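Report on the structure given below.
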Amino acid sequence: MDPKAVMEFARENECVFVDIKFLDFVGLWQHFTLPIQAFDESAFDEGLGFDGSSIRGWQPINASDMLVIPDPSTARIDPFPRDRTLSLIGNIVDPVTKEPYSRDPRYIAQKAEAYLKSTGIGDTAYFGPEAEFFIFDDVRFDQTRNSAFYFVDSVEGRWNTGRDEQPNLAYKPRYKEGYFPVPPTDALNDLRNEMVLELLRLGIEVELQHHEVATGGQGEIDIKYAPLVQQGDNLQWFKYVLKNVARRNGKTLTFMPKPLFEDNGTGMHTHQSIWKDGQNLFAGDKYAGLSQVGLWYIGGILKHARALCAICNPSTNSYRRLVPGFEAPVNLAYSSRNRSAAVRIPMYSTSPKAKRIEFRTPDPSCNGYLAFAAMLMAGLDGIENKIDPGEPLDKDIYGLSPEELANVPTAPSSLEEALNALEEDHEFLLKGDVFTEDAIQMWLEYKRENEVDPIRMRPTPWEFALYFDC
C-alpha cells in the first residue's frame, strides 16, 4: 500500500485511532496512538516526533528529538484495542539530517538485505523462526536488598499433581514429556489455536502449532518463512499477538529462555536460505543435498557463532538454557537430522525449494531484526571467504568421549563471555555499514551495564543453600 491507499484502508475499516509501533534497541515494541483526525498522508513524509532519550540504548537527553516515519506497507488492523485501530510500523530518522538512525533495528535489517543484493550472491534471504514460549497462570517475582524470589505456576505444571484444586483433574504433562500428547494432557490446544487464528487474520502464515517438551505450558507456533525484514515485522506481531491472546484469557506468556529449573528451555531454531532469481542457492549435490554455497554459509555461521550468541542469545537467562550435556545445541558443529548440533540440515523434504539450514542455538529473547541480520552477515562472510565448515558431526554428541568432545567447539557459557566474543569478532557485521561500530559498542555497553553487572552483583536463594553455613 502507498500512503493514499493506507488512508482509504483506514476509512474503509472505520478506524478511529492510528497506532505507531517501532522496536527499541534491546528488542521490545514501543508505541504511541493518535486519533485518526490527527493523522494524514504528510506523516509518511514528515514523520512524527518523539523523545529518543527515553528509549533504551538510543539518544542522550541533550539530543533527544527523533522522528518515526510510518511504513505504509505495514498497515494492519490491530486486533486488540477496544476501538478500531490502524497499526503502522515506523522507521526512525534523525530530525535534523533526515538520515535513517543507525541504532534502529529495522534499519539494520534493511541494510542487511541491501548488502546481500550488493554482493551479487543473491537477492532474497528467507528466515523461518520457531519461537517457543511458556504460558503460565501466575507469575510473581521480587528482589530487595535483603530478599529475593520468583514463583511461576501453571495448571499444567507437573509439580501440581498433589495440589487441592477442588477438584484436581490430573493430566499434567510429565517433566520433559510434553512433546506432544493430545488433550486433556495438552490443556492449551484451544488457546494456541486462538493465537493462530489471530495471526492468520493479520496475514501471517502459520505452518503448525503444538505443545513443546516441558511441562507447565510450553508451546510452539511456527510461522512460514519470509524475507528478512518482513520476518522481523512478523516476529514482532507474533510476540504481540501471543502475549495479548494469553492475557485476554487470564493467562500470561513469556519468551524467556529458561523460566523452569530442570526442564527444557525455550529456543528459537531459525531456518534460513538464500535465493537468486527464484532459485534456492542452498540446494545442490553435496552433503545432505546442500550446495557448496550452503556449506560455505554454514562455515560462516560456525566461525562467528560465539559472537552471534551476543545478539541471538542476548539475555543472561539465555545461558541457563545453553548448558553442555542438556537439551540445548551448544556444540558448534553441523549435521543432517542430528538435533544436538548447532546447525542442522532438515531432511523432511527432498525438494530443492525446501533445502535450508537451521541454526538451533538462538532463543526468542533476541531482537529479531538484529538476530536475522547478524546471521545473514555471518553466512555471507562464509560464502565470500569460502569458509570450510569441516566434517559434519553425525554421531550422537551426548555419547562422545571426552577426548572426542574436546575437538568440538562450544557456545559461550554466559552473556559476558558472548559479549567478549562479539567485541573481538564483529568485523563481518560492519560490511556494507550494516551494523555500525557505534551500534555494536552501544550494544556491548548497554548489556554489560544493565544486565551482566546487575545479575553479577545480586545473591540468589541457591547461594544461601550452598554457602550460608560456610
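The values are calculated or read from the model by the stated rules, or taken from the named source; none is laboratory data. Predicted model only: the values in this text are computed from it and were never measured. Note that each Cβ is placed from the backbone with ideal geometry, even for glycine, and that neighbours are counted across all protein chains shown. Areas reflect the complete protein model, heavy atoms only, side chains present, ligands, DNA and RNA absent. Shrake-Rupley method; radii C 1.70, N 1.55, O 1.52, S 1.80 Å.
In the context of the full protein assembly, Thr161 retains an accessible surface of approximately 80 Å², using a probe radius of 1.4 Å and ignoring ligands and nucleic acids.
Summarising the amide proton neighbourhood of Ala342: residues at separation of 5 or more, or on other chains, whose placed amide H is nearer than 5 Å comprise Asn331, Ala333. Ligands, DNA and RNA left out, the 1.4 Å accessible surface of the chain is 52% carbon and sulfur atoms. Ranked by solvent-accessible area (1.4 Å probe, protein heavy atoms only, all chains present), the residues Met377, Met457, Met442, Met256 order from largest to smallest as Met457, Met256, Met442, Met377. Close amide H contacts of Gln218 (hydrogens built in the peptide plane, cut-off under 5 Å, sequence separation of 5 or more or a different chain): Ile135, Glu212. Taking all protein chains as they are arranged and a probe of 1.4 Å, the heavy atoms of Cys312 leave approximately 0 Å² accessible to solvent. Its Cα gyration tensor gives segment 274-334 an equivalent ellipsoid. The semi-axes, each the square root of 5 times an eigenvalue, are 29, 14, 10 Å from largest down. Of the residues Val434, Val213, the one with the largest accessible area comes first in the ranking Val213, Val434, computed with a 1.4 Å probe on protein heavy atoms.
In order along segment 265-275, the phi-based Karplus estimate (6.51 cos²θ - 1.76 cosθ + 1.60, θ = phi - 60°) of 3J(HN,Hα) comes to x, 10, x, 9, 4, 10, 7, 7, 7, 10, 10 Hz; Gly and Pro are listed as x. Residues whose amide H lies under 5 Å from that of Ser102, counting only those 5 or more places away or on a different chain, are absent; hydrogens are built 1.01 Å from N in the peptide plane.
Here the spin labels are modelled as points 7 Å beyond Cα on the Cα-Cβ line, and at Asp51 and Glu463 they lie 3.4 nm apart.
Using every pair of separate Cα atoms, the Kirkwood estimate puts the hydrodynamic radius of the chain at 23.5 angstrom. Per residue, the chain reaches -9000 deg cm²/dmol at 222 nm when only DSSP H runs of four or more residues are counted, each adding -39500 (n - 2.57). Placing Asp137, Asp222 in order of accessible area, with the largest value first and a 1.4 Å probe, yields Asp137, Asp222. Taken one residue at a time, the phi angles of segment 239-252 give Karplus couplings (6.51, -1.76, 1.60, θ = phi - 60°) of 5, 4, 5, 4, 5, 6, 5, 4, 5, 6, 9, x, 10, 10 Hz. Gly and Pro are set to x. With a threshold of 26 Å on the Cα-Cα distance, the over-threshold entries among Lys224/Lys431; Lys176/Lys243; Lys258/Lys386; Lys117/Lys224; Lys243/Lys353 are Lys224/Lys431; Lys258/Lys386; Lys243/Lys353. Converting phi to 3J(HN,Hα) with the Karplus coefficients 6.51, -1.76 and 1.60 and the offset θ = phi - 60°, segment 426-442 yields 9, 4, 5, 7, 7, 4, x, 6, 5, 9, 9, 4, 4, 5, 4, 5, 5 Hz in sequence order, with x at every glycine or proline. The residues of the chain expose, per residue, 46 Å² of accessible area to a 1.4 Å probe. For segment 121-190, a Kirkwood radius taken over Cα pairs fed into Stokes-Einstein (20 °C, viscosity 1.002 mPa s) yields D = 139 µm²/s.
Modelled spin-label separation between Glu207 and Asn13, with each label point placed 7 Å from Cα along the Cα-to-Cβ direction: 2.7 nm. In this view, the solvent-accessible surface of Glu212, computed with a 1.4 Å probe and all protein chains in place, comes to about 20 Å². Centroid-to-centroid, using Cα positions, segment 116-187 and segment 287-310 are 30 Å apart.
Multiplying the residue separation of Arg339 and Thr410 by 0.36 nm and removing their Cα-Cα distance gives an extension gain of 24.1 nm.
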